[in-house]
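These notes are about the structure you will find just below.
Values quoted throughout were computed directly from the atomic coordinates according to the rules given, and no laboratory measurement underlies them. Fair warning: this is a prediction, and the values are worked out from it, not measured in the lab. Cβ: placed from backbone, ideal geometry, glycine included. Neighbour counts: every protein chain shown.
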Amino acid sequence: MKVNKQTFKQVLGKLKPALSKNHVIKESGQIIFEGGYLIAFDGETAIHLPFKSDFKGVGVSADKLLPLVDKSAGSEITLEAEGGVVKFKCGRVKAELSTVSIAPLDVTGGLHEIEWVGLPEGFLKAIKFCSLSASKDISKGMLCSVRVESDRLVATDAYRLTVQKLKQAIDIERVVYIPSFKIADVITFAPTKFDIGKASMHFSTGAGEVITISAIEPQGVYPDFEAILKDCKGDSITLPKDALIRTIERAEIFAEEIPGNSKWHTLNIEIGGGKLICRGEGGEGKIEEGIRVEDKAFETSFKINSAFFKEALSMCNTMVDSENKVLFKGVGLSHIICKVV
């Protein structure tokens, strides 16, 4: 079997999100040749890419094949499976890669039978923003996910909460929890269609390329986000988005770092008399900057995580000031941040 080196390299690169070795399974770290597909599966993510090959159910080490392709000179690669090895030839390079026999994967075994449904407009943008509010601690279970419902996406880490309504409902029979740390891989894949399986969510480009993400199993009780939203009441104000983001970034230079993340800083915000004052103070100095706001009657003061504040402003700039949290509201979007105590 002969293949263009550059084409093969590009296909292999798309498999990387499914090539981690976090799970001790036979398929982990393997590039799998399966008839008309190249497949990778690491226990959490599976990727199927159309690729014509002469062998089936054969796996080779990704740690060997990827750098071998990358570092070999020549424009064409020859691959042959024979006697427990895959023979590789490119230019003057000849190599043999040991193979592993791989059975068909249950997690993607029914892909040919899927009746794909188009992703709603804005779905990828919405799930990307929601993923920011999910916990980065994988031990937190459902809090480390984006909750997919028929008409909205939800995520919370107990400090932030994002609820984004979808522009059009999707036909699903149950709620699905997609790991937030896999969302970036899905977005990079640029899918246009989806399907929900028994324990996973499939995304397709429509050109035969499929990425499958294993869902987080629901355990315990998900936070009552409806009650949290209902309880978030207060006066609202429209903030000067771009100017305020630049002000926050200057204040972060001096603001005290919040333990746990070097990008988190405590800011002191004071609004009143048509002016917003942003203060940052730490062991090596302090800074204060004021900018104008349109509402001269609005008054409040609070401390907030600088990174969370910037994330919210990147999506919307209408803020509701509640007792111990602030709510940002946009078109179909509700985003809550707890104030720093």
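Under the criterion of Cα pairs below 8 Å and six or more residues apart, the relative contact order for the stretch 112-228 equals 25 percent. Take 184-197, 65-78 and order them by the average number of nearby Cβ atoms within 10 Å per residue, most first; the result is 184-197, 65-78. Shown in residue order for the stretch 226-240 are the 3J(HN,Hα) couplings computed by the Karplus curve 6.51 cos²θ - 1.76 cosθ + 1.60 at θ = phi - 60°: 4, 5, 4, 5, 5, 7, 8, 10, x, 6, 10, 8, 9, 9, x Hz (x for Gly and Pro). If R0 is 56 Å, the Cβ-Cβ spacing of residue 297 and residue 80 corresponds to a FRET efficiency of close to 0.10. I need to check one value: relative contact order of the stretch 42-145, counting alpha carbon pairs closer than 8 Å and at least 6 residues apart, in percent. Rounded, it is 20 percent for the stretch 42-145. Computed over the stretch 112-228, the convex hull of the alpha-carbon atoms projects to a mean area of 7.0 nm². Multiplying each eigenvalue of the alpha-carbon gyration tensor of the stretch 19-128 by 5 and taking the square root yields semi-axes of 29, 17, 15 Å, largest first, rounded to whole angstroms. A protection proxy built from the mean count of other Cβ atoms within 10 Å ranks the segments 36-42, 91-97, most packed first, as 36-42, 91-97.
Averaging the Cα positions of each part gives two centres, and for the stretch 293-334 and the stretch 83-149 these lie 36 Å apart. For the chain, what is the relative contact order in percent, using Cα pairs closer than 8 Å and at least 6 residues apart in sequence? Answer for the chain is 12 percent.
Helix 62-71 versus the longest principal axis of the chain: what is the Cα-based angle in degrees, 0 to 90, to the nearest 10? With rounding to tens, the tilt is 80 degrees.
With the alpha-carbon atoms of the chain aligned to their principal axes, the span from lowest to highest coordinate is 79, 48, 31 Å, starting with the largest. Here the mean projected area of the convex hull built on the C-alpha positions of the stretch 207-274 is 10.4 nm². Exposure proxy ranking for 278, 316, 90, based on other Cβ atoms within 10 angstrom of each Cβ and starting from the fewest, stands as 316, 90, 278.
Taking the longest Cα principal axis of the chain as reference, the axis of helix 5-14 is set at about 50 degrees.
Approximating the spin labels as points 7 Å out from Cα along Cα→Cβ, the residue 10-to-residue 227 distance works out to 5.3 nm. The angle separating the long axis of helix 241-251 from the principal Cα axis of greatest extent in the chain is about 90 degrees. Computed over neighbours whose Cβ is under 9 Å from that of residue 170, the net charge equals -3, Lys and Arg +1, Asp and Glu -1.
Distance between the modelled labels on residue 92 and residue 261, one decimal in nanometres: 5.1 nm (7 Å Cα→Cβ projection).
Remark on residue 145: its backbone amide H falls under 5 Å from those of 135, 156, 180, a criterion applied only to residues 5 or more positions apart or on other chains, H modelled at 1.01 Å from N. Taking a ≥ b ≥ c as the square roots of the eigenvalues of the Cα gyration tensor, the stretch 212-340 is oblate, since a/c reaches 1.5 or more and a/b is not larger than b/c.
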